[in-house]
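See below for the structure under consideration.
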Amino acid sequence: MKNQRNPELCIITSTVGNYASYCRCVESKRLSNNKSKGENNRKNGNKYLAWAYVEIANCAKRYCPQARAFYLKKSMKTNKTLAIKALAHKLARACYYIMKDNVAFDVTKIFGKPILKNGCGREPKRGLDNQPSALIGQPAAADL
């Protein structure tokens, strides 16, 4: 089944779950009666896409407040590696829909509304927009 909107999408990626699995962003597990029955082709998929999504997740964690909040919430419950993989999975799902629907990236569709409590997502008090403070012993720019 080929995607009609974007023919570049591979036949393997007919659903978002298949794409995430192809990118190695999900766990490959076989369970029966809550007992593990094998690894289930854990090395199938594209190792380069797996690496790329982990790198994207690290950058998103650093520069996006919503992604950072998601990462911190996950890392409190699990270890940090699993939290990065969960963020990579979320970004892989978003990239699938971006390619499928040919739309622009929107952070609110992934993480919801921006976080505005406890200082997250607020405007900085000082930054490049404000005038720099005067040097010691020099009159301020507003006094001139």
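The values are calculated or read from the model by the stated rules, or taken from the named source; none is laboratory data. Treat the numbers as computed from the prediction; the structure is a model and nothing was measured. Because the Cβ atoms are built from the backbone with ideal geometry, glycine has one as well, and the counts that use them run over all protein chains shown.
Residues are listed down the side, and each one gets a yes or a no for (1) modelled with pLDDT of 90 or more; (2) outside any loop (DSSP other than H, G, I, E, B):
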| residue | (1), (2) |
| --- | --- |
| ALA20 | no, yes |
| GLY38 | no, no |
| GLY45 | no, no |
| LEU49 | yes, yes |
| TYR53 | yes, yes |
| LYS74 | yes, yes |
| ALA104 | yes, no |
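If you take the residues of segment 106-118 that are farther than 17 Å from TYR71 by Cβ and not in a helix (DSSP H, G or I), which of them is modelled with the lowest pLDDT? This residue is LYS117. Comparison of LYS90, LYS100 shows that the only residue that is at pLDDT 85 or above and under 18 Å from TYR63 (Cβ atoms) is LYS90.
Scanning segment 96-111 for residues that are in contact (Cβ under 8 Å) with a residue 24 or more places away in the chain and of a type in the set (A, V, I, L, M, F, W, C) yields MET99, VAL107, ILE110, PHE111. For THR13, the conditions (1) of a type outside the set (D, E, K, R); (2) surrounded by 13 or more Cβ atoms within 10 Å (Cβ to Cβ); (3) at pLDDT 65 or above are fulfilled apart from (3). Consider segment 69-93 and keep the residues that are surrounded by 18 or more Cβ atoms within 10 Å (Cβ to Cβ), without any contact (Cβ under 8 Å) to a residue 40 or more places away in the chain and of a type in the set (A, V, I, L, M, F, W, C). The one that is nearest to CYS23 (Cα to Cα) is LEU91. Among residues of segment 15-37 that are over 13 Å from HIS89 (Cα atoms), those with a beta-carbon under 8 Å from a residue that is in a strand (DSSP E or B) at least six positions away or on a different chain give the pairs LYS29/SER36; ARG30/SER36; LYS37/LEU31.
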